[in-house]
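Before any comments, here is the structure.
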Amino acid sequence: MTDDYDVFKGKIAKEDFESRIKEKIKEFQGLLTREGAITIIASELGVQLGERPSSISIKISDIIEGMTNVDIVGKIIRKSDPKEFVRKTTDTKGKVLRLEIGDESGTMPVVLWDEKVDDALSFKEGDVVKVIGGFAKKGLNEKLELTVQRRGSIEASDETVDVEEATHERVEIGSLQEGMSNIRLIGTVVNVSDIRNYEREDRSFKVCSLFLKDNTGQIRVSLWNQNADKSAKISIGDIIAIENCYAKYGFSGMEVQTNSYTRLDLNPVIEGLSLPTIDTDVSISDITSDMQFFSVTGTIIRAYEPRSFEREDGSQGLVATVELQDDSGTCRVSLWDDKARIAQGLPEGTSVVLEGCRAREGLDGVEVSVGASGRVMPRLPDITTYTTRPSGIARVIEIKDGAIKAASREGQFLIITDEQGIKAGELISYEGVIKDDNVIAKEIGAIEGDYPSIDELLSPPRASIGELEPERLVHVQGLVRQVTPVRDFKVLRLDDGSGIATGYFSGELEAGREYDLVARTFQNGEGIELYTHSAEYTDNIDEAYRLLDMF
């Protein structure tokens, strides 16, 4: 067998080499193997050990910062969902996935990037894997982690690793204590805030606050990054299970934090578990000054100009006041900071939903306030009415490679089917399931009926905003004066000279530019609003030539 010392000749005397091995093992209180000690010494002296025999793997407790070409065998204790991102320096897309690996000596996060993520997708918690070619460095919260380098890999291992798998026992909110980890919470959503973005040490973060309630108490839950993105689908009154989170003391007492390993389950089956219900919509006449975290729906009947102010800490704030009306009465609502900016994009006559409201006694009676922990949203119609549905009727645009390109009043979409004999232009009835915004058809066939032609669906009549009627498919052109992100949509204010309309679009557009919209109109409160799948930037020169051709 090759002498351990051979690759160290010329760097250190053999007596010193053996002495340092003993010192390292003593330093780690006997938990460090000889192999681990040699690896550490090689890292300190800049010695390349070469490829170790495949039967030898370093233990997790042997790893120190700066080690390269580290191989470990361990059991997957926790696994995050893959996350996609865009690199700021190169503007290229990347992805990352985190595993927590454990062996008999301890646990360590393992970080996989780009194509290495795909190699690990098939693994699950409890699998034993071998990580090859890792680099040890300080990561999140200055905790040591192993990054799999470009030349490294991760593969299944048939070795036995005696490590207990992570268990996630449900903990009641009233029983939470500082330091509890790997816990599972189930509760009713009392309130959910908008997502806040901020940067720290050249890194971008997103966070959203939930307030959960069960029969033992109420707690604030911070959702970070990917989990924060999921908050757009969470509403007050929903039941949510949060797995793999931890408890700690925050500014307002005990709170729950999440991380990349946390999983959210919205409205799970909870047989045998009783949870409190939340009044998701309160009539204005029923609001009392002691109410917290409630929702109210109404129409903005008057909006006052926002005003700025300076807080005690010197920061600038913004507040806007509106009067809200429903069938039971009216009330004054104060909207703060980003909520005030949203209000600027919502004209009088718009119906809105206010979540996370707090009430107080004002000069003219009970007043409502919506701050950082609340949400302001236009009251949308049933979105399923205006988006691709798993069943319905549509016109066939074209047929190609087992797919039908179809158009309905809601927009264009693909129907995946093996059905033969359907022709372009026909009206069809279909039923199936939605996958990746396409319809996977189970049943499909041509039918007769009164429905717009292909030309009418693809090129609906042009309409001015001042003459819009509800429940029409129209072609509208105008200047987008304002764009406000609200949940999954961009709320836009479109001005064509004859009037200004509020519209909803899930794609990207910029304020200050003119766009062509193919949109479905609907009544919302006292106004006619737009829902569109299609918003194309208009070149003013091309539009001028089009008008010249017309006249």
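Computed from the coordinates by the stated procedures, all read-outs in this text should not be read as laboratory data. Just so it is clear, the structure is predicted and the values come from calculations on it, not from any experiment. Reconstructed Cβ throughout: ideal geometry from the backbone, glycine too, with neighbour counts over all protein chains shown.
Observations, loosely collected:
- Under 5 Å, built H, 5+ apart or other chain: amide partners of residue 397: 405, 406, 407, 425
- Packing, as the average of other Cβ atoms within 10 Å across residues, places the peptides 38-48, 260-270 in the order 38-48, 260-270, highest first.
- Taking θ as phi - 60° and the Karplus parameters 6.51, -1.76 and 1.60, the scalar couplings of segment 497-514 work out to x, 9, x, 10, 10, 8, x, 10, 8, 8, x, 10, 8, 10, 5, x, 10, 8 Hz in sequence order, x denoting glycine and proline.
- Measuring between alpha carbons in the structure, the pairs from 93/230; 138/490; 230/339; 22/116; 83/130; 59/79 lying more than 27 angstrom apart are 138/490; 22/116.
- Annotation: for a label point projected 7 angstrom from Cα along Cα→Cβ of residue 440, no residues of segment 121-163 have a backbone N closer than 17 Å.
- Distance between the pseudo-spin-label points of residue 156 and residue 172 (7 Å out from Cα toward the beta carbon): 4.3 nm.
- Table column - 3J(HN,Hα) (Hz), segment 260-267, Karplus curve with 6.51, -1.76, 1.60, x for Gly and Pro: 5, 8, 5, 10, 10, 10, 8, 6
- Ranked by the mean number of other Cβ atoms within 10 Å per residue, highest first, peptides 219-228, 423-432 order as 219-228, 423-432.
- Checking (i) 1.30; (ii) 1.24; (iii) 0.94 against the coordinates, the calculated Cα Rg over 2.2 N^0.38 Å falls under label (ii).
- Shape class of segment 99-191 from the alpha-carbon gyration tensor: prolate, with a/c at 1.5 or above and a/b greater than b/c.
- Distance between segment 492-510 and segment 262-330 - C-alpha centres, whole angstrom: 26 Å
- Proximal charge balance of residue 173 [Cβ under 10 Å; K/R count +1, D/E count -1]: -1
- Once C-alpha pairs closer than 8 Å and six or more residues apart are averaged by separation and normalised to the residue number of the chain, the relative contact order reads 7 percent.
- Listed by chain and number, the lysines whose alpha-carbon sits under 23 Å from that of residue 400, ignoring those within fewer than 8 places in the same chain, are 423, 435, 442.
- Computed from the C-beta positions of residue 534 and residue 283 and an R0 of 41 Å, the FRET efficiency is 0.60 to the nearest 0.05.
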